[in-house]
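**Student:** Before we start, here is the structure in question, set down as structure tokens.
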Amino acid sequence: VTNLVSTDFIASMTFDANGDLYVGGKFTNIAGITGATNFAKYTVSSGTWSKVGTGINNQVNTITISSEGTIYIGGNFTSAGGNTNCKYIAYYNGTDWAPLSTGLNNGVLALKYHGAFLLIGGAFTNADGVNGDYICYWNGTAFKSYYDLGATELNDSVFSIDVNPNGIIIIGGHFTNAGNDPKADYVAAWRGSNWGSLMAGGLSGGLTSSIVSKVYCTSNGDIYVSGNFTY
């Protein structure tokens, strides 16, 4: 990739159904393409970069694409496509970036489509206006809180979300005691009415403070985690 300087970086990469690559991060005019800033598309068949929409004013941390092909992005931006309601989250409407409601109040670090819902994790709080700290979901018209499903609110950020073959949501991040479960530190599962620990328990022992930055569920049910932890 040309035209990346030492302070630029790519934070997220996702392929669409056609096999073309989308990248998000903190960069300006990738490959010299004017406007391909913080988000861009690489068309594999032609080997060319292009911009997607306009005006993402800060870092893109995460990308997901729905089964219908809609692109969603989350990050540290507070405006996209010139719309200041695109606070930390937006989707591409085929012409430019558009908001989900009026956005969230802090950074989005993880997006994952699960059935009809878009799962959202990050550093935000009060996603629905009252509840929804660090994780919520978008039901197509509004942000919804797991608190409304009986969950105890998380106490810190969610960095990664995946779903296992049985449909169980797995999250990783900087939280502890998810669902008031003392073993659910930095990684947890959705138990239908609250968060709880994996059978293996939690993680700890980071050099400064533990973080699970990535969770990945395989087709055979195994769960991989990576981050800042030692045991």
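The values are calculated or read from the model by the stated rules, or taken from the named source; none is laboratory data. Remember, predicted model here, so these are calculated numbers, not experimental data. Positions of Cβ are backbone-derived with ideal geometry, glycine not excepted, and every protein chain shown enters the neighbour counts. Areas reflect the complete protein model, heavy atoms only, side chains present, ligands, DNA and RNA absent. Shrake-Rupley method; radii C 1.70, N 1.55, O 1.52, S 1.80 Å.
**Student:** Arrange the residues Ser219, Ser66 by how much accessible surface each exposes, largest first, with a 1.4 angstrom probe.
**Tutor:** Solvent-accessible surface, decreasing: Ser219, Ser66.
**Student:** For Lys144, list the aspartates and glutamates whose Cα falls under 16 Å from its own Cα; do not include residues on the same chain fewer than 8 positions away.
**Tutor:** Asp128, Asp133, Glu153
**Student:** Which whole-angstrom value gives the distance between the alpha carbon centres of the range 23-101 and the range 162-202?
**Tutor:** 30 Å
**Student:** Lysines within cross-link reach of Lys183: Cα-Cα under 21 Å, excluding same-chain residues under 8 positions apart?
**Tutor:** Here the lysines satisfying the reach criterion relative to Lys183 are Lys214.
**Student:** Could you identify which residue out of Ser193, Ser145, Ser157 has the top mean-square fluctuation in a GNM of the chain using Cα springs shorter than 10 Å?
**Tutor:** Ranking Ser193, Ser145, Ser157 by mean-square fluctuation puts Ser193 first.
**Student:** Also, quick follow-up: Which order do you get for Lys183, Lys112, Lys51 if you rank them by accessible area with a 1.4 Å probe, largest at the top?
**Tutor:** Lys183, Lys51, Lys112
**Student:** Follow-up. Taking the Cα centre of the chain as origin, sum charge times position over the Cβ atoms of Lys and Arg (+1) and Asp and Glu (-1), and report the length of that vector in debye to the nearest 20.
**Tutor:** With Lys and Arg at +1 and Asp and Glu at -1, about 260 debye.
**Student:** Got a sec? Charge dipole of the chain, +1 on Cβ for Lys and Arg, -1 for Asp and Glu; which of Asn194, Ile10, Asn85 is way out at the positive end?
**Tutor:** My answer, from the dipole projection, is Ile10.
**Student:** Another one. Quote the charge dipole size of the range 47-165 about the Cα centre in Debye, to the nearest 20; the model charges only the Cβ of Lys and Arg (+1) and of Asp and Glu (-1).
**Tutor:** My answer is approximately 300 debye.
**Student:** What share of all Cα pairs of the range 26-144, in percent, falls into each consecutive 10 Å distance bin?
**Tutor:** Once binned at 10 Å, the Cα pair distances of the range 26-144 give 15, 47, 30, 8, 1.
**Student:** Could you calculate the FRET efficiency of Asn93 with Asn58 from 1/(1 + (r/R0)^6), where r is the beta carbon distance between them and R0 is 25 Å, rounded to 0.05?
**Tutor:** 0.80
**Student:** Rolling a 1.4 Å sphere over the protein heavy atoms, what is the accessible area per residue of the chain, to the nearest Å²?
**Tutor:** Spelled out: the 1.4 Å probe surface of the chain, per residue, equals 46 Å².
**Student:** What's the FRET efficiency of Thr43 with Thr125 using the Cβ-Cβ distance as r and R₀ = 35 Å, to the nearest 0.05?
**Tutor:** It comes to 0.35.
**Student:** With charges set only on the Cβ (+1 for Lys and Arg, -1 for Asp and Glu), what does the dipole of the range 136-231 come to about its Cα centre, in debye to the nearest 20?
**Tutor:** Dipole magnitude for the range 136-231 comes out near 80 debye.
**Student:** Considering the alpha-carbon set of the chain alone, what are its Rg and its Dmax in angstrom?
**Tutor:** Both quantities, over Cα of the chain: 17.5, 52 Å.
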